[in-house]
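Q: Could you have a look at this structure, given as structure tokens, before my questions?
Nothing in this text is a laboratory measurement; each read-out follows from the coordinates by a stated rule. Every value quoted in this text rests on a predicted model; they were computed, and no experiment measured them. Virtual Cβ from ideal backbone geometry, glycine too; neighbours counted across all protein chains shown.
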Amino acid sequence: MTQAGRQGSPRNGSGRTSAGHQSARTAGAGGAGRGQRDFPKGGGDRPFKRPKPREEAFVDPDLNPDAGTPDQADRKGAGKPAARKPGARKPGAGKVPGTPGALKPKPRVGAGAAKAAGSRAFGGERFGQSLGPVRKPARKRGPRSEVPQSELHDADGVRLQKVMASAGVASRRVCEEMIAEGRVEVDGQVVTELGVRVDPKTSVIHVDGLRIQLDENMVYMVFNKPKGVVSTMEDPDGRPCVSDFVRNHHGERLFHVGRLDVATEGLLLLTNDGELANRLTHPSYEVPKTYLVQVRGPFPQGVGAQLKAGIELEDGMASVDSFKLVDSTPGHVLIEVVLHSGKNRIVRRLFDAVGFPVLRLVRVKVGPIGLGDQRQGSIRNLGKQEVGHLLASVGL
């Protein structure tokens, strides 16, 4: 073929005829304008197709009010089927509450529960242990009688709700509600009027049976006594005593309520309230004390019933109020006993009498006050709610 024929052939070096190449130029210039192309960079015979605009998902605001605008709904994935909750797969999830096999509703902790907690005496207190309401009064009182304001009113005193709020019972507004509900007693009489003024130094105030201690000089402490410490403030033999632990906490002279022998560990109350100390140790108030006793095992059946029935000791009959087996390991048994007797070494003598000498003895509770997880050798102040329960347990 001649040179001219090769140049005019459709299969020349450019892959197209010169006329076709020129027509492609003309079409590109007319369709896209100067400097623009309808195909992507890199060449190719197939023209570029622009993507269609995406259709926005329709969201009915009446069916899904939280979806927002269509744009927001599209971004958040609204209009899609909602994911199934994990609880929906549980048996009885679709049944009506209250019917057999239905799931039990979870208790709701809302404003009502918070209000109920805050309306208790010292309900908002974070210090000390929460002991709840007084279950039964220590002393028998006659029926509550409302007295007129004039008989309890002290013109030179302080408003009752202010005294209660200053003592940490609750906010002043809640204290006013307590007074209006008849939950407050002043000197043994129910007060329901908000204008009553009282003398904080002489008045005795109870809220829901809890005594409010208005004397700020009164101190109430719990000491977790270690083994080897003498239950005295001074020891002539130079042994470790309670005062060695109290010096760093309070400079005032304190009483230790009752005693624990040198080998016994656990709860020892310390206070400068002489009346409370006398009542806690007096046999007529029968304040219960809880002990954990470790003895060698195995422990035969019937011994607990024998201890509850009473054991004849050298100073008379003695017994425990309750007996419970807590734990048992090879060679050792842990027992919890409760008794109100204040005789010297009474727990050790009782277990010696039944043939099981005590290996370790810890007092964990006195009246309503428990040791909890308090570190051994440490001293802590009682919370105001705890003080109220302790005073109520002996009729104060």
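Q: Contact order normalised by length for segment 325-386, with contacts defined as Cα pairs under 8 Å and 6 or more residues apart; what percent is it? Working shown, then result.
A: Details: 23 pairs, mean separation 8.7, N = 62.
After rounding, I find 14 percent.
Q: Ok, one more. Considering the convex hull of the alpha carbon atoms of segment 157-282, report its projected area averaged over all viewing directions, in nm², one decimal.
A: On the way: hull surface 37.6 nm².
That works out to 9.4 nm².
Q: Longer than 18 Å from Cα to Cα, which of Lys227/Lys324; Lys227/Lys343; Lys324/Lys365 are they? Say none if no pair is. Walk me through the intermediate numbers first.
A: Values: Lys227/Lys324 24 Å; Lys227/Lys343 20 Å; Lys324/Lys365 15 Å.
The pairs that break the limit, which is 18 Å between Cα atoms, are Lys227/Lys324; Lys227/Lys343.
Q: Packing-wise, with mean Cβ within 10 Å as the measure, how do 320-331, 268-279 rank, highest first? Kindly include the intermediate steps, with their values, before the conclusion.
A: Numbers: 320-331: 12.7, 268-279: 18.8.
Order by mean packing, descending: 268-279, 320-331.
Q: Roughly what % antiparallel, to the nearest 5, for the DSSP beta bridges in segment 165-311? Before the final figure, lay out the partial values.
A: Working: 16 of 17 bridges.
In segment 165-311, DSSP labels about 95 percent of beta bridges as antiparallel.
Q: Provide the descending list of Cα extents for segment 292-396 along its principal axes, expressed in whole angstroms.
A: 43, 33, 20
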